[in-house]
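Below: the structure, in structure tokens.
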Amino acid sequence: MTSADTQPRGEESLGVRFQRGEDDALHELYRRYAGPMFVTAISLLGDREQAADAVQRAFVQAWRAADGFDPNRELKPWLYAITRRAAVDVYRRERRSAGHVSLQVVRELSDDGPSMDRIWRSWQVREGLDQLSREERQVLEFAYFQGLSQSEIAGRLDIALGTVKSRTSRAQRRLAALLPHLRETAQAVAS
């Protein structure tokens, strides 16, 4: 059984269409993966502008390599690897233009050490967030990415505090159900 047999049907057809060089496949690829690719790049680079540059470079590289893509493979890991390499390239270019290159940081970016696991988890969390309703995703993003309290979220969204609390609780339960493998991995690391 190939990995294409275990992929969702839409994913398989997207891989085939992408490999053929169909323009609409590139648009669909961007719609599905630009967010997780950005999370990967910003986790590595720590700068939104550089991360956006890395994602753009990654898409260009992926499109140029599309005819060599094996549609029996999954797109996510392939794009993840291209994004990581593009981020390293952006980092090296930025450091050269700044007049120095920290070999330790480049080595850390290039290694498949624990930080790569963290970035992969971030990618998966981003995909999980994308599966939540807009309202659920919004309260979690305000709370976890912007550091707002539930009262501040209620004020920002102009909704009752109780609504924020119930949306947050529901969103956290749904996200945990979507990502049980991350909880198991965290528990294994802790023990």
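The values are calculated or read from the model by the stated rules, or taken from the named source; none is laboratory data. Please read all numbers here as calculations on a predicted model, not as lab measurements. Here Cβ is always computed from backbone atoms with ideal geometry, including for glycine, and neighbour counts include all displayed protein chains.
Worth pointing out:
- Qualifying helices (runs of 4 or more DSSP H) (wholly inside the range 73-186; at least 2 residues being surrounded by 13 or more Cβ atoms within 10 Å (Cβ to Cβ) and modelled with pLDDT of 85 or more): 75-98, 134-140, 150-157, 161-178
- From the options R48, R17, residue that is without any contact (Cβ under 8 Å) to a residue 12 or more places away in the chain and crowded, with 17+ Cβ neighbours inside 10 Å: R17
- Contact annotation: residue pairs with Cβ atoms under 7 Å, 6 or more positions apart or on different chains, pairing a residue in the range 76-90 that is farther than 12 Å from F59 by Cα with a partner that is surrounded by fewer than 17 Cβ atoms within 10 Å (Cβ to Cβ) and not acidic (D, E), are V88/V106; V88/S110.
- Here A34 does not fit the description of being in a helix (DSSP H, G or I), at pLDDT 90 or above and not acidic (D, E).
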